[in-house]
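Peer 1: Pasting a structure below so you can have a look.
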Amino acid sequence: MSQSPTTANQDADAGTRTALDIYANAWAALGDRVLRGQSFSGRERNCAFLNTKSDRFATVSAVVGFDAADDGRSIALTDWDQDGDVDIWVGNRSAPRLRLYRNDAADGRPSLSLDLQGTLANRDAIGARVTVRARSGGEPLLPLVRSVRAGDGFLGQHGKTVVVGLGEATAVDTVEVLWPSGAAETFSGLAIGGRYRLIQGSGRGQLLPPRPKLALAISSQVEPKRSTASRVVVGVPTPAPPLSWLDLHGQRRTWRPTPQRATLLVLFATWCAPCQTELEQLAAAAAALSTAGLGVVALAADEVSGGDTPAAVGAWLAARGWPLAQPGWLAGLADAGLVQLVETTWRALVRTRQPLALPFALLLDGSGRIAALYQGPVALATLRADLAALNGDDSSRRAHSAAAAGTWVGALPPSPIPTLDAEYSQAKLPQAALHALRWGVARDPGDASNCTRLASLLANAGDEAGAEQVLLGVLRVTPDQPQVHNNLANRLARRGQFDQAIVHYRKALAQLPNNAFVIHGLASALANTGQLQQALPLLAQAVQLDPTVPGAKADFERARALVAAQQANTGR
């Protein structure tokens, strides 16, 4: 496990990256592996080794049932069922996150359980070392040494009760404790099989009553079947991206929401057996699904790999009973752009980097929102339940999205708009990003973050007037937004509207009095309107607050020279 760098330049590589850069990039790489569903351990099985009291160990992983193919991270040793032997908790990165391996050794070997309590050292005796000296008959055995630790592995800690297996011992002579304070103490009179509290300075063990044994049912170790199928119900209002495809006549079609009617958009391939099964099931239930308010758009993704023509896809669907005459039941071809758009949307909402698997479907409601995503075939009963949930309000739809029934505490999850915007922009899908941001702004005109980002995209597309209108719209709803005032002022200044820019710079500065960028913007606007006497002290303040503000130093020197020249001309 790599350690965090203690300084920015520690162990920097031969390039320009610092140790912090390298460390941050390593964490990013680990996060990417998680999003791609990759194993940290190569999916090798857990191992257990038996001490044979020789120079070799024996592999007993399968014999004791420890060889699960988990992405294991740590173990914690403790007498969980209170029967005097050590059980094992295993923590995993992947499911199941926890496994309990109960020690049911049949030979019933004796043990000694010790709870240490410090008085001159820390109360939990973390750091103490225990040495148990026992004998078998009249022969002394090798001393057994154990330590009390506070942490043992990733997010794991052994139990603080020290359980010492005594093997063939028939009696315990002494227990020696080296306390964390450095003091050594010897305890005697401890019986095999007992559980004792050893208090520092007492010199004798306090016998504790036996704890009631826990009745733990044994479950079989069943490894979950690996599958790419998944269903995600979207509980937070989320806009569908702009979707278009080629119909069976080769014409471009665009999906538009229809009130009181949902749409299931299915991506399939003609070579995909699960796709064929799903489409046949949908076709057989077409009448009932239509009555329930569902239309289906089946789009072949074969064109992505240079596959079938519209006519061939139409014939393939007709041979499988696809109801093209049913209102709202359409078909066509998905080009590479649509597949990328759908895949990017799925990745944004599910936070994954795994490739899209077919069949894949989006359930879209009549208002243009994504209701659910299905990777792999979706059961008709599941589809009907998700379809019925669309009739509820946002609260009931959120409840339907939960994996289990319960009570919601806290606020709604955050809006997905920033994540959609980031994913679409990274995938170079600017129209999808604009669509998502416009939807978010229309839903919440006072969201300064979405509005500012929308204004930026509009400006990048050459629509400066549209960008300004978006920012003005935010300020009409929530006027106390200093960053929005500053953003709007910058845009007005770039268009030469300095008087209006000054108004918004001053409003931003009222709430951000020490922001060097705002101060520099205001000073520049004042200078451009001939108000050099007011601009000069502001420029000096901006440089003093942050000398790295682009252009601030040069503007200050230029303004100072102009003011000096003006004063010289007036004879002051």
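The values are calculated or read from the model by the stated rules, or taken from the named source; none is laboratory data. Bear in mind that the values here come from a model prediction, so they are computed numbers and not experimental data. Neighbour counts are summed over all protein chains in view; Cβ atoms, including those assigned to glycine, are modelled from backbone coordinates with ideal geometry.
Peer 1: What are the pairs, 6+ residues apart or on separate chains, where a residue within the range 344-362 that is within 23 Å of THR270 (Cα to Cα) has its Cβ under 6 Å from a residue that is surrounded by fewer than 16 Cβ atoms within 10 Å (Cβ to Cβ) and of a type outside the set (Phe, Trp, Tyr)?
Peer 2: That search, which allows pairs on different chains as well, returns GLN354/ARG36; GLN354/GLY37; ALA357/THR228.
Peer 1: Looking at (1) touching a residue at least 40 places away in the same chain (Cβ under 8 Å); (2) within 22 Å of PRO241 (Cα to Cα), which is the one condition that is false for PRO430?
Peer 2: Evaluating PRO430 over (1) touching a residue at least 40 places away in the same chain (Cβ under 8 Å); (2) within 22 Å of PRO241 (Cα to Cα) leaves (1) as the failure.
The rows are residues; the columns are (1) crowded, with 21+ Cβ neighbours inside 10 Å; (2) closer than 19 Å to VAL233 by Cβ; (3) at pLDDT below 95; (4) not hydrophobic (A, V, I, L, M, F, W, C).
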site	(1), (2), (3), (4)
LEU324	no, no, yes, no
ILE370	yes, yes, no, no
GLY376	no, yes, yes, yes
ALA405	no, yes, yes, no
GLN426	no, no, yes, yes
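Peer 1: Here is a further query. In this structure, is LEU341 touching a Pro at 6+ places or on another chain (Cβ under 6 Å), among the aliphatic types (A, V, I, L, M) and either part of a loop (DSSP other than H, G, I, E, B) or in contact (Cβ under 8 Å) with a residue 60 or more places away in the chain (or both)? Can you show your working first?
Peer 2: Numbers: touching a Pro at 6+ places or on another chain (Cβ under 6 Å): yes; among the aliphatic types (A, V, I, L, M): yes; either part of a loop (DSSP other than H, G, I, E, B) or in contact (Cβ under 8 Å) with a residue 60 or more places away in the chain (or both): yes.
When the stated conditions are applied, LEU341 passes them.
Peer 1: If you don't mind, another one. Of the residues GLY193, GLY182, only one is on the phi > 0 side of the Ramachandran plot, at pLDDT 85 or above, of a type outside the set (A, V, I, L, M, F, W, C) and in contact with a Leu (Cβ under 9 Å, 6 or more places away or on another chain); which?
Peer 2: Values: GLY182 fails: in contact with a Leu (Cβ under 9 Å, 6 or more places away or on another chain).
Exactly one of GLY193, GLY182 is on the phi > 0 side of the Ramachandran plot, at pLDDT 85 or above, of a type outside the set (A, V, I, L, M, F, W, C) and in contact with a Leu (Cβ under 9 Å, 6 or more places away or on another chain), namely GLY193.
Peer 1: Counting only residues that are among the β-branched types (Val, Ile, Thr) and not in a loop (DSSP other than H, G, I, E, B), how many does the range 366-420 have? Walk me through how you get there before you give the answer.
Peer 2: Let us first name the residues in the range 366-420 that are among the β-branched types (Val, Ile, Thr), namely 370, 378, 382, 407, 409, 417, 419.
Applying the additional criterion that residues be not in a loop (DSSP other than H, G, I, E, B) yields 370, 382, 417, 419.
Residues flagged as among the β-branched types (Val, Ile, Thr) and not in a loop (DSSP other than H, G, I, E, B) within the range 366-420 amount to 4.
Peer 1: Something else: Looking at GLY521, GLY496 in this structure, which one is at pLDDT 90 or above and outside any helix (DSSP H, G or I)? Reasoning before the result, please.
Peer 2: On the way: GLY521 fails: outside any helix (DSSP H, G or I).
Of the residues listed, the single one that is at pLDDT 90 or above and outside any helix (DSSP H, G or I) is GLY496.
Peer 1: Residue by residue through the range 439-484, note down the ones that are more than 21 Å from LEU509 (Cα to Cα), of a type outside the set (A, V, I, L, M, F, W, C) and not in a helix (DSSP H, G or I).
Peer 2: Matches in the range 439-484: ASP444, PRO445, GLY462, ASP463.
Peer 1: Going through LEU512, LEU522, LEU475, LEU471 one at a time, which residue ends up being touching a residue at least 12 places away in the same chain (Cβ under 8 Å), more than 26 Å from GLU343 (Cα to Cα) and out of contact with any Leu (no Cβ under 9 Å at 6 or more places or on another chain)? Spell out the reasoning first.
Peer 2: Working: LEU522 fails: out of contact with any Leu (no Cβ under 9 Å at 6 or more places or on another chain); LEU475 fails: out of contact with any Leu (no Cβ under 9 Å at 6 or more places or on another chain); LEU471 fails: out of contact with any Leu (no Cβ under 9 Å at 6 or more places or on another chain).
From the options LEU512, LEU522, LEU475, LEU471, the qualifying one is LEU512.
Peer 1: Right, here's the next one. Within the range 455-471, identify whether any single residue is at pLDDT below 90 and of a type in the set (Ser, Thr, Tyr), and answer yes or no.
Peer 2: no
Peer 1: Check ALA552, ALA535, ALA523, ALA516 and return the single one that is in contact with a His (Cβ under 7 Å, 6 or more places away or on another chain) and closer than 20 Å to ASN486 by Cβ. Steps first, answer last, please.
Peer 2: Details: ALA535 fails: in contact with a His (Cβ under 7 Å, 6 or more places away or on another chain); ALA523 fails: in contact with a His (Cβ under 7 Å, 6 or more places away or on another chain); ALA516 fails: in contact with a His (Cβ under 7 Å, 6 or more places away or on another chain).
None of the other options fit; the residue is ALA552.
This table checks each residue for (1) among the aliphatic types (A, V, I, L, M); (2) in a helix (DSSP H, G or I); (3) at pLDDT 90 or above; (4) more than 17 Å from ALA361 (Cβ to Cβ).
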| position | (1), (2), (3), (4) |
| --- | --- |
| VAL232 | yes, no, yes, no |
| PRO241 | no, no, yes, no |
| ARG253 | no, no, yes, yes |
| THR263 | no, no, yes, no |
| THR270 | no, no, yes, no |
| THR277 | no, yes, yes, no |
| ALA288 | yes, yes, yes, yes |
| LEU299 | yes, no, yes, no |
| PRO327 | no, no, no, yes |
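Peer 1: When you scan the range 534-545, do you find a residue that is part of a helix (DSSP H, G or I), without any contact (Cβ under 8 Å) to a residue 24 or more places away in the chain and either touching a Cys at 6+ places or on another chain (Cβ under 7 Å) or closer than 17 Å to GLU468 by Cα (or both), even just one?
Peer 2: no
Peer 1: Next up: Output the number of the condition that ALA62 fails; it satisfies all remaining conditions of (1) more than 37 Å from the chain's Cα centre (by Cα); (2) more than 26 Å from LYS213 (Cβ to Cβ); (3) free of Cβ contacts under 8 Å to residues at least 40 places away in the same chain.
Peer 2: The single condition ALA62 does not satisfy is (1).
Peer 1: Checking the conditions here, which among ASP55, ASP104 is of a type in the set (Asp, Glu) and in the same structural domain as LEU208 (by TED's automatic domain parsing)?
Peer 2: Just a single option satisfies the conditions, and that option is ASP104.
Peer 1: Further question: Being surrounded by 15 or more Cβ atoms within 10 Å (Cβ to Cβ) and more than 13 Å from ALA559 (Cα to Cα) narrows it down to one residue among ALA510, ALA516; which is it?
Peer 2: Going through ALA510, ALA516 in turn, just one is surrounded by 15 or more Cβ atoms within 10 Å (Cβ to Cβ) and more than 13 Å from ALA559 (Cα to Cα): ALA516.
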